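The values are calculated or read from the model by the stated rules, or taken from the named source; none is laboratory data. Predicted, not measured: the structure shown is a model, and the values here were computed from it. Cβ placement follows ideal geometry from the backbone for every residue including glycine, while neighbour counts extend to all protein chains displayed.
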Amino acid sequence: MPFRRAATSFRHTRQATRRALLSVGGAWSDFADWFNGLGFSENAILLGFGVGIGAVAALGVVAFYRLIDVAFAIFWTWPIEHLPYAGFLAYRPLLTAAGFAVAWWVMRRFAPGNDGLNVPDVQAAVARRGGHIPVRPALVRTLASAVTLGSGGSAGSEGPVAVLGATVGSFLGRVFRFDVSRIRVLVAAGTAAGISAAFNAPLAGAFFALEEIVGSLAAGAFPPVVVSSVVAAVVSRGFLGNHPAFPIPKEYGYALQRELVLFYPLLGLLAGLVAVGFIRTYFGMGDLMRRLALPEAALPWLGGLAVGSLVLLSNGLLVGNGHLAVHLEIFGLVPWHALALLALGGIVATSITLNAGGSGGLFTPSLFIGAAAGGSFGVALNQLFPALGLRPEPYALVGMGAMVAAATGAPITGILLVFEMTNDYAIVLPLMLATVIASVVARRLEPDTLYSGWLRRRGEQLVHGADRDVLGALTVADAYDPGAETIPDGLPVADLIARLARGDAVDLPVLDRDHRLAGIIAVADLGRVAAEHQDLIPTLRAVDLAEPVEAVTPADSLLEAVRRMGVRGTDTVPVVDGSTGRFLGLVRRAHVLGLYERHLAGGAAVQAVSGSHAAPAGSKLP
């Protein structure tokens with residue numbers, strides 16, 4: 001009887017709770033409908049939410065850093081206070097292994113099946129899932145990352161904080177029932193806020209979100225992303241202080257122009273090669289872990305022992321005090337080969353950490369590896385050319401930006417982050433040069449970045465926020481306009497100019513008698529002819545001004561169509577029949593973008609648009 005009464009009481013309590021939640025949900029639904037009916041402008045909504053997201057994300061970053069400090073106290077401070085130093089050294093790798101095991105267990109217990117929740121996963125969420133990022137797995141990943149970092153794992157804090165900020169933006173967008181395009185902007189704003197608060201770098205945070213999440217400097221996304229990034233920096237400074245993420249030496253710089261034209265390009269080449277090694281080691285380590293015939297629960301212990309041993313051998317330089325540190329001030333005092341070993345150790349330790357159950361980001365380790373590789377290069381140059389008086393510290397700083405650009409595919413972010421840390425315009429010149437060279441070298445040898453490679457191995461093809469799979473799967477037949485205005489090749493240019501006032505086309509296909517494409521006349525070119533060569537107009541025909549262009553067929557992918565638009569530097573590309581060569585219509589960039597958005601949003605089937613010509617079967621426009 002007591003058991004039955006307890007069960008009945010529990011059932012009644014659960015039902016009451018459910019009714020209360022439904023009541024709250026209904027009230028919130030009414031509030032969201034009321035808010036959306038107020039008629040605020042798009043800019044007002046995005047900027048207002050950008051402020052709120054920036055503040056909340058910054059507080060989340062502060063809380064995350066406090067969690068790292070707590071984990072560091074548990075796995076480092078407490079043991080070193082209660083164990084003899086020799087005993088602590090012996091147990092150090094075991095404590096790191098225990099931290100990895102805890103992080104792995106937290107993820108498996110509270111967020112099973114979520115191996116993402118990182119920057120590439122945010123990219124996929126924006127491109128594929130309408131910006132939907134689940135809240136609980138993101139919070140669990142944040143906790144697991146704090147344990148990983150606090151226990152001595154080699155990983156970055158930027159991944160968790162970027163996801164945390166993105167989750168705030170995604171959650172607010174969904175609870176207020178915003179459309180997909182608005183949610184994506186809020187996700188980008190949250191990402192920018194997380195990076196800005198973590199690195200005290202609002203410019204780098206904003207451009208990281210625009211570069212990696214949005215994929216462009218879109219006019220609609222720029223204001224809320226920047227506002228959110230600035231607010232996050234202001235709020236975080238109130239808790240964490242206004243100082244660079246990494247200590248910057250008081251004296252650094254380059255004094256010789258020959259460094260700029262000779263040594264820094266060589267550093268860019270080195271950074272590109274090291275980035276390729278980092279990328280391949282990281283993914284190769286993941287493949288190796290999957291091939292090992294070991295129980296899944298054993299990997300965190302083995303990986304933690306390996307990483308803890310590497311940290312012990314480095315005297316703690318690989319991880320610092322729980323927050324992955326870049327010790328630039330010592331780079332002028334350490335031999336070049338020791339710094340090179342630190343770079344190699346960072347690559348191996350990070351690859352093991354994030355493939356053996358640990359959680360965290362890859363951006364900050366890229367900074368560490370770049371600083372160690374650049375510092376090693378600077379020290380070696382100083383030893384080779386002692387009379388030049390070179391300083392290794394600026395090479396470490398430039399190496400940081402170059403490595404970020406080459407390893408993560410975010411060159412603008414790499415440049416701005418180092419600039420904001422140093423607040424020194426003089427370093428921008430070698431930084432830009434080395435960053436560009438490192439990016440070119442890395443992409444030449446390794447098409448994948450750390451982010452795109454993670455996605456590709458999960459069947460995703462994204463490049464800076466753009467979903468290549470969507471454009472690759474859709475064909476020209478889905479999007480071209482069969483009713484595009486055309487002109488015969490024999491039409492006098494004088495008559496053509498007179499017709500311009502009656503249309504709004506910017507590219508005019510010129511067709512011969514057999515309806516084959518003779519070329520394209522750009523209206524801008526036609527205007528220049530009318531203004532500068534009026535004496536020739538009576539003698540010219542349309543075919544005389546037609547520019548031969550590459551065309552696409554209905555079977556080609558929209559990705560190919562966009563590529564050819566880029567080659568021509570225009571917003572249109574002609575469509576011809578693959579067998580006969582007859583002109584069928586035009587694909588416009590607006591058609592492609594509209595179809596892309598509808599596809600991602602899961603909207604209704606795209607309707608065919610009729611024109612002056614009959615639309616072929618399957619020809620559709622958004």
Listed residues V147, V119, V140; which is within 18 Å of W454 (Cβ to Cβ) and in contact with a helix residue (DSSP H, G or I) (Cβ under 6 Å, 6 or more places away or on another chain)? V119
Go over the candidates A138, A162, A166, A124 one by one and state the one that is among the aliphatic types (A, V, I, L, M), more than 22 Å from F49 (Cβ to Cβ) and out of contact with any Cys (no Cβ under 8 Å at 6 or more places or on another chain). A124
It is to be established whether one or more residues within region 587-607 are surrounded by 14 or more Cβ atoms within 10 Å (Cβ to Cβ), among the charged types (D, E, K, R), in contact with a Phe, Trp or Tyr (Cβ under 9 Å, 6 or more places away or on another chain) and modelled with pLDDT of 80 or more. yes
For V161, state whether it is over 16 Å from T350 (Cβ atoms), buried (at least 24 other Cβ atoms within 10 Å of the Cβ) and in contact with a Ser or Thr (Cβ under 7 Å, 6 or more places away or on another chain). no
How many residues of region 140-171 are under 20 Å from the mean Cα position of the chain (by Cα) and closer than 30 Å to P93 by Cα? The answer is 13
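Please work out if V543 is out of contact with any strand residue (DSSP E or B) (no Cβ under 7 Å at 6 or more places or on another chain), modelled with pLDDT under 80 and not hydroxyl-bearing (S, T, Y).
No.
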Filtered residues of region 385-396 (kept if part of a helix (DSSP H, G or I) and farther than 22 Å from G272 by Cα): P386, A387, L388
Options A498, A466: the member that is of a type in the set (G, A, S), closer than 24 Å to N118 by Cα and at pLDDT below 70: A466
Tell me, which residue of region 29-73 that is of a type in the set (S, T, N, Q) and part of a helix (DSSP H, G or I) is surrounded by the most Cβ atoms within 10 Å (Cβ to Cβ)? N36
Within region 128-150, can you find the residues that are part of a helix (DSSP H, G or I) and within 17 Å of R177 (Cβ to Cβ)? V135
Let me spell it out: the conditions are (1) of a type outside the set (V, I, T); (2) under 22 Å from Y451 (Cα atoms); (3) crowded, with 24+ Cβ neighbours inside 10 Å, and G374 meets all of them except one. Which number is the exception? (2)
Restricted to region 172-185, and to residues that are farther than 16 Å from P224 by Cβ and part of a helix (DSSP H, G or I), which residue is farthest from the chain's Cα centre (by Cα)? V175
Taking region 412-431, which residues are under 14 Å from G374 (Cβ atoms) and without any contact (Cβ under 8 Å) to a residue 12 or more places away in the chain? none
Find all pairs meeting these conditions: Cβ atoms under 6 angstrom apart; at least six residues apart or on different chains; first residue within region 172-194 and at negative phi and of a type in the set (D, E, K, R); second residue buried (at least 24 other Cβ atoms within 10 Å of the Cβ) and part of a loop (DSSP other than H, G, I, E, B). R184/G131
